[in-house]
Amino acid sequence: MSTASTCATRRSWWDHVTPALKDPINAVTQAFLADPCPYKINLGVGAYRDDEGKPVVLQCVREAEAKIAASNFLESTSTALSSKLVEESAKLVYGEDSDVMKERRFAGIPALSGTGACRLFAEFQKRFYPESRIYLPDPTWPNHRNIWRDVHVPDRTFRYYHPDSKSLNFMALMDDVKNAPDGSFFLLHPCAHNPTGVDPTDEQWREISSLFKVKNHFPFFDVAYQGFASGDVERDAKAIRIFLEDGHSIACAQSFAKNMGLYGHRVGVLSVLCNDKIQAMAINSQLQQISRTMYGSPPIHGISIVSKILSDPDIKAIWLKEVKVMATRIHRMRVILREALERLGSPVNWQHITNQVGMFCFSGLNRAEVYLLEKEFHIYMTPDGRISMAGVTTKNVDYLANAIHEVTACDQDAKILHNTDAYKINTDIRFTPLGTSKTRARGMNLAL
């Protein structure tokens with residue numbers, strides 16, 4: 001066979017492959033990195049940044065790394081470390097003194113961060129409830145739908161957020177929970193909901209739990225931001241504890257990417273509550289079999305760091321203080337951003353900025369306004385208007401407020417389409433800024 005013929009044959013194998021749709025969050029980061037503007041702002045990243053806008057290595061992580069530096073990461077130590085990680089992680093969500101912990105009524109396995117934990121559970125759900133579906137809040141983290149879709153579990157949505165009030169659509173949520181078929185799987189965010197920052201109150205969680213009990217629904221909690229809602233990891237586990245007290249069978253996906261600043265280490269845990277130790281052993285064996293075909297076991301270094309932080313009382317105390325510091329900084333930026341917008345005389349009610357909690361602010365900005373923020377002000381966020389408050393600093397908050405004020409108060413052509421696809425916008429927009437280029441740079445001391 002000639003070389004040309006061989007090349008043609010090789011090409012034919014993959015000619016039908018087309019580019020995948022861009023992940024909306026990764027697309028924001030790529031656009032930000034390609035922008036040469038010196039005062040650009042990235043509000044898309046879902047990881048903590050300090051007031052200089054830089055990633056942080058927490059002191060608890062440094063302390064833990066120092067203690068494990070002399071460890072021999074042998075095959076014989078891997079199982080023990082994994083067990084310790086699962087046990088200490090379970091204490092965070094179920095409570096150290098809970099009956100679940102005392103009676104060892106849970107199965108658990110290390111996972112590749114929260115994404116991996118969700119995927120493991122989706123595979124587990126498909127294996128043992130092959131005809132089931134998953135109910136996801138509307139809106140939710142976009143990757144949730146991808147995860148369950150790729151294991152061929154169909155998804156449905158339940159109403160969660162009210163775009164007009166920018167708060168929880170509680171009555172609609174309850175209606176959808178009530179109308180779902182008995183014994184359905186529901187994904188819930190126990191705290192710091194992504195992307196809205198809107199959480200039910202304790203009383204609302206009790207009502208949700210009660211209705212779940214009546215309907216025999218299965219609650220699966222994605223615990224990605226424990227500590228970021230209130231600054232207290234125990235307080236942020238309240239929703240899970242309410243369901244636990246009501247006697248639900250539940251499962252939890254945990255991630256330490258955000259609350260320990262270990263995004264690159266991909267440390268997470270999946271745990272499933274069981275009736276007894278025998279059931280826990282059976283479920284554990286199934287989870288291990290599923291993970292074995294996907295990745296075997298996670299890298300040991302990240303597991304060692306998290307296990308040491310959670311099991312060493314002194315280092316854990318440092319971590320708990322650092323979680324409080326991170327949550328406090330984010331809340332402070334919410335207050336400053338809202339006050340800056342109100343000082344500008346914005347016609348928009350920005351109360352929701354401080355009503356919402358956690359890493360994200362669901363700003364209420366439409367796709368046209370997000371587009372203008374990017375093109376006119378070099379401010380990057382996801383098309384749904386989600387702002388990562390970790391990207392807001394004391395140096396850029398005034399510039400951000402001025403930009404938001406201009407795009408929400410400017411004279412825009414009536415042909416702007418609020419429901420356009422991501423970054424697709426009517427070309428007849430007339431943008432009339434309220435200030436000059438110097439106004440846009442105000443608060444950043446930019447020499448223009």
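The values are calculated or read from the model by the stated rules, or taken from the named source; none is laboratory data. Quick caveat, the model's predicted, so the values are computed rather than measured. Heads up, the Cβs are rebuilt from the backbone with ideal geometry, glycines too, and the neighbour counts pull from every protein chain shown. Heads up: the accessible areas ignore ligands, DNA and RNA and are worked out on the full protein's heavy atoms, side chains in. Shrake-Rupley method; radii C 1.70, N 1.55, O 1.52, S 1.80 Å.
Observations on the structure shown:
- Scanning segment 30-74 for residues that are farther than 15 Å from residue 395 by Cβ, touching a residue at least 60 places away in the same chain (Cβ under 8 Å) and among the polar types (S, T, N, Q) returns 59, 71.
- Between 332, 266, 292, the distinction of being open to solvent by 10 Å² or more (accessible area, probe 1.4 Å), modelled with pLDDT of 95 or more and of a type outside the set (S, T, N, Q) belongs to 332 only.
- Matching residues in segment 92-102 - criterion: being touching a helix residue (DSSP H, G or I) at 6+ places or on another chain (Cβ under 8 Å) and either open to solvent by 40 Å² or more (accessible area, probe 1.4 Å) or without any contact (Cβ under 8 Å) to a residue 24 or more places away in the chain (or both): 101
- Contact map, segment 343-369: residues that are under 13 Å from residue 199 (Cβ atoms) and in contact (Cβ under 8 Å) with a residue 12 or more places away in the chain paired with residues that are in a loop (DSSP other than H, G, I, E, B) and β-branched (Val, Ile, Thr), Cβ distance under 6 Å, separation 6+ or inter-chain. Pairs shown: 356/198; 362/196.
- Count - residues of segment 167-206 that are crowded, with 16+ Cβ neighbours inside 10 Å, free of Cβ contacts under 8 Å to residues at least 60 places away in the same chain and acidic (Asp, Glu): 1
- Residue check, residue 32 part of a helix (DSSP H, G or I), open to solvent by 20 Å² or more (accessible area, probe 1.4 Å) and farther than 25 Å from residue 303 by Cβ: yes
- Selection count, segment 147-166, where residues are crowded, with 16+ Cβ neighbours inside 10 Å and either assigned to a helix (DSSP H, G or I) or in contact (Cβ under 8 Å) with a residue 40 or more places away in the chain (or both): 4
- Filtered residue count, segment 353-371, keeping only those that are in a helix (DSSP H, G or I), farther than 21 Å from residue 47 by Cα and open to solvent by 10 Å² or more (accessible area, probe 1.4 Å): 3
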